[in-house]
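Undergrad: Sending over a structure as structure tokens; questions will come in a sec.
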Amino acid sequence: MSVHAGPGRQTMHRRDILRASVAGAAAILGTGFSSWGAKAAAALAGGPRPTVPYGVQAGDVTQSAATIWAAADRPARLVLEYSLSPRFTDVRRVVGPAALPETGLTAKAVLAGLPAGEPVFYRAFFEDLARPGSFSEPVSGQFLTAPADRRDIRFVWSGDTAGQGWGINPDWGGYRLYEVMRRVEPDFFVHCGDMIYADNPILPEVKRPDGSIWRNVTTPAKSRVAQALDDFRGNYQYNLLDDNLRRFNAAVAQYVMWDDHEVHNNWFPQQALGDERYSETSAALLAAWSRRAMFEFTPISVHPFDRERVYRVFRRGPLLDLFLLDMRTYRGPNSSNDQPELTETGRILGAEQARWLKEQLLRSRAVWKVIASDMPLGLVVPDGENRYEAVAQGEGGLPLGRELELADILRFIKENGIKNVVWITADVHYCATHRFDPSRAAFTDFRPFYEFVSGPIHAGGFGPNELDSTFGPEVVFSKYPPHPNAAPDEGYLFFGHVHIEGRTGKMTVSHRDLAGRILHQTELDPEA
């Protein structure tokens, strides 16, 4: 791929197809919710209604389907209505499952048979199971289905929400970066993990080095580490108290992933925690509770043969295939990461996921193949002394340990002539662009590629991390705070933005800040 890099234009591109939807969305509640819904509302007779306290979410959108999520305040049945018009003409209805205590009072339903590349407007409400005929007020949302033709695609990605004790501060405006991302009107959002910080309690106040106080909203579940199912549920519920996040969820479809802080810092399945805050020390058991809460509280779809699978692929028309990885579930223990041969204990993806990724890349006919990983490839992420958390281990020579698994995938991409592969990731709490080139590398059997790192959304700012030279990376751009654990109001919150031009196929990747400003952008011409 040929490359042009530079600071670029500051013009903000809008999604033309949804220009009119802002005004239309305001009219959704005023339209009622179909004749059936109106009759149900009339039957209330003044009794207390269920409520929908955490808004709505759409996720895992394809050309013809989407998963819709909502939660109730009591046992109730989810009902969805949707239309291709913001004024809700030609309404269709889906009666979904019951939201019960066994699911954290959450429910999800799939809208199927949708047209490709169209905005879909929906509203969710609940019928009280204890008082049939008692319905909540509807809560509305919208999303854009994946296109079937060549058209402009715009999406954003980032990671890390509510980390290091920096929670929802109403005086500062809450999780402000979600509102910034919403305003660029992306087609969808990729959350690269650390959606919650289950091991980072949120306390009412954080005293900063200069003596000033950061004030948090907090809840009982979020004021302690999570080590039971209701604790993990409470972490998701906490984030959904934020107006910016709920507004973002209603407006932008998302594809979510997980990483370590959904469970515990740097966890791996075989681990027994050495953390005195925990009475439950099995990382595998904590991860099982956490995974269940994640599937309950996000619009992630359920694989038909593996109900706990997080890795998946989405075909978004002829220009883009999106691959979502899971570098947490199948890894071996964090170690010195210097095994001379590829073994199960030295993997980070695991043999089955690595095989799946190769197979899906080989099947891809899209111009661009974007691989979203929860951890960076070339950055060294330590986990104590002589122990490493990510792929790299800092020696810079020929691949060892987890690097062998990555080398195998990169070699496969080259040998099979798979072109235009780009990686996006988060985890390290700063933003960076890395270009990997075999001419600078110890391992040379791969095609040059880019890795773009972004985040955090709302957590402490850190960086930079050391680069491992095994695969020949160089820092094209980076931005990070002057000191560790910079507070959100210091401005070191970042997200990445991708624009693929429908006519030319050119991809422009930009790093953006809390003001929505373009800090740096890279233009990639597709290789034919």
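The values are calculated or read from the model by the stated rules, or taken from the named source; none is laboratory data. Since we're looking at a predicted model, the values are computed, not measured. Positions of Cβ are backbone-derived with ideal geometry, glycine not excepted, and every protein chain shown enters the neighbour counts. Each accessible area value is taken on the protein alone, full model and side chains, heavy atoms only, with ligands, DNA and RNA left out. Shrake-Rupley method; radii C 1.70, N 1.55, O 1.52, S 1.80 Å.
Undergrad: So GLY394 passes all but one of these: (1) closer than 22 Å to PHE323 by Cβ; (2) assigned to a loop (DSSP other than H, G, I, E, B); (3) touching a strand residue (DSSP E or B) at 6+ places or on another chain (Cβ under 8 Å). Which condition number does it fail?
TA: Of the numbered conditions (1) closer than 22 Å to PHE323 by Cβ; (2) assigned to a loop (DSSP other than H, G, I, E, B); (3) touching a strand residue (DSSP E or B) at 6+ places or on another chain (Cβ under 8 Å), the odd one out for GLY394 is (1).
Undergrad: Could you check GLY332 against (1) open to solvent by 50 Å² or more (accessible area, probe 1.4 Å); (2) touching a helix residue (DSSP H, G or I) at 6+ places or on another chain (Cβ under 6 Å) and say which number it fails?
TA: With (1) open to solvent by 50 Å² or more (accessible area, probe 1.4 Å); (2) touching a helix residue (DSSP H, G or I) at 6+ places or on another chain (Cβ under 6 Å) applied to GLY332, the lone miss is (1).
Undergrad: Here is a check on your reading of the model: is ARG435 open to solvent by 30 Å² or more (accessible area, probe 1.4 Å), more than 26 Å from the chain's Cα centre (by Cα) and modelled with pLDDT of 95 or more?
TA: The answer is no for ARG435.
Undergrad: Next question, about the same structure. For segment 416-431, what are the residues that are buried (at least 19 other Cβ atoms within 10 Å of the Cβ) and either touching a residue at least 60 places away in the same chain (Cβ under 8 Å) or among the polar types (S, T, N, Q) (or both)? Reasoning before the result, please.
TA: Filtering segment 416-431 down to residues buried (at least 19 other Cβ atoms within 10 Å of the Cβ) leaves 420-431.
Within segment 416-431, ASN420, VAL421, VAL422, ILE424, THR425, ALA426, ASP427, HIS429, TYR430, CYS431 meet the criteria.
Undergrad: For PHE471, indicate whether it is outside any strand (DSSP E or B), within 30 Å of PRO399 (Cβ to Cβ) and aromatic (Phe, Trp, Tyr).
TA: Yes.
Yes/no per residue for (1) over 18 Å from GLN142 (Cβ atoms); (2) in contact with a Phe, Trp or Tyr (Cβ under 8 Å, 6 or more places away or on another chain); (3) in a helix (DSSP H, G or I):
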| site | (1), (2), (3) |
| --- | --- |
| LYS222 | yes, yes, yes |
| GLN227 | yes, yes, no |
| ASP230 | yes, no, yes |
| GLY234 | yes, no, yes |
| TYR238 | yes, no, yes |
| ARG246 | no, yes, yes |
| ALA250 | no, no, yes |
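Undergrad: So, restricting to strands (runs of 3 or more DSSP E) that lie completely within segment 46-152, which ones have at least 1 residues that are in contact with a Gly (Cβ under 8 Å, 6 or more places away or on another chain) and touching a residue at least 40 places away in the same chain (Cβ under 8 Å)?
TA: 56-59, 66-71, 76-83, 106-111, 119-128, 139-144
Undergrad: So, in segment 167-208, how many residues would count as being assigned to a loop (DSSP other than H, G, I, E, B), among the hydrophobic types (A, V, I, L, M, F, W, C), open to solvent by 10 Å² or more (accessible area, probe 1.4 Å) and under 30 Å from LEU377 (Cβ atoms)?
TA: The qualifying residues number 1.
Undergrad: Taking into account only those residues within segment 275-321 that are assigned to a helix (DSSP H, G or I) and touching a strand residue (DSSP E or B) at 6+ places or on another chain (Cβ under 8 Å), which is surrounded by the most Cβ atoms within 10 Å (Cβ to Cβ)? Break it down stepwise before answering.
TA: Taking segment 275-321 first, the residues assigned to a helix (DSSP H, G or I) are 283-297.
Among the residues that remain, those that are also touching a strand residue (DSSP E or B) at 6+ places or on another chain (Cβ under 8 Å) are: 283, 294, 296-297.
Working: ALA283: 21, MET294: 24, GLU296: 22, PHE297: 27.
The extreme case among them is PHE297.
Undergrad: Here's something else I'd like to know. Among the residues of segment 496-513, how many are in a loop (DSSP other than H, G, I, E, B) and under 18 Å from GLU527 (Cβ atoms)?
TA: 6
Undergrad: Being out of contact with any Asp or Glu (no Cβ under 7 Å at 6 or more places or on another chain), surrounded by fewer than 19 Cβ atoms within 10 Å (Cβ to Cβ) and of a type in the set (Gly, Ala, Ser) is the filter here, so list the residues in segment 396-415 that pass it.
TA: GLY397
Undergrad: Name the one entry in SER85, SER34 that is modelled with pLDDT of 50 or more, open to solvent by less than 80 Å² (accessible area, probe 1.4 Å), over 26 Å from the mean Cα position of the chain (by Cα) and of a type in the set (S, T, N, Q).
TA: SER85
Undergrad: Listed residues LEU324, LEU349; which is farther than 18 Å from ASP160 by Cα, among the aliphatic types (A, V, I, L, M) and open to solvent by less than 20 Å² (accessible area, probe 1.4 Å)? Let's see the steps before the verdict.
TA: Values: LEU324 fails: farther than 18 Å from ASP160 by Cα.
When all the criteria are applied, what remains is LEU349.
Undergrad: Moving on to the next point. Among the numbered criteria (1) under 19 Å from the mean Cα position of the chain (by Cα); (2) open to solvent by less than 10 Å² (accessible area, probe 1.4 Å), which single criterion is violated by TYR236?
TA: TYR236 satisfies every listed condition except (2).
Undergrad: Any residue at all in segment 475-490 that's out of contact with any Phe, Trp or Tyr (no Cβ under 8 Å at 6 or more places or on another chain), crowded, with 21+ Cβ neighbours inside 10 Å and in contact (Cβ under 8 Å) with a residue 12 or more places away in the chain?
TA: The answer is no; no qualifying residue exists.
Undergrad: Please specify each residue of segment 335-391 satisfying the condition of being in contact with an Asp or Glu (Cβ under 8 Å, 6 or more places away or on another chain), of a type outside the set (Gly, Ala, Ser), part of a loop (DSSP other than H, G, I, E, B) and under 26 Å from ILE196 (Cβ atoms).
TA: Passing the criteria: ARG347, ILE348, LEU349, ASP374, MET375, PRO376, LEU377, VAL380, VAL381, ASP383, GLU389, VAL391.
Undergrad: Out of contact with any His (no Cβ under 9 Å at 6 or more places or on another chain) and closer than 24 Å to PHE189 by Cβ: does that describe GLY491?
TA: yes
Undergrad: Kindly indicate the residue of segment 105-154 that is open to solvent by 50 Å² or more (accessible area, probe 1.4 Å) and among the small types (Gly, Ala, Ser) and also nearest to ARG292 (Cα to Cα) among those meeting that condition.
TA: Taking the candidates together, the pick is ALA112.
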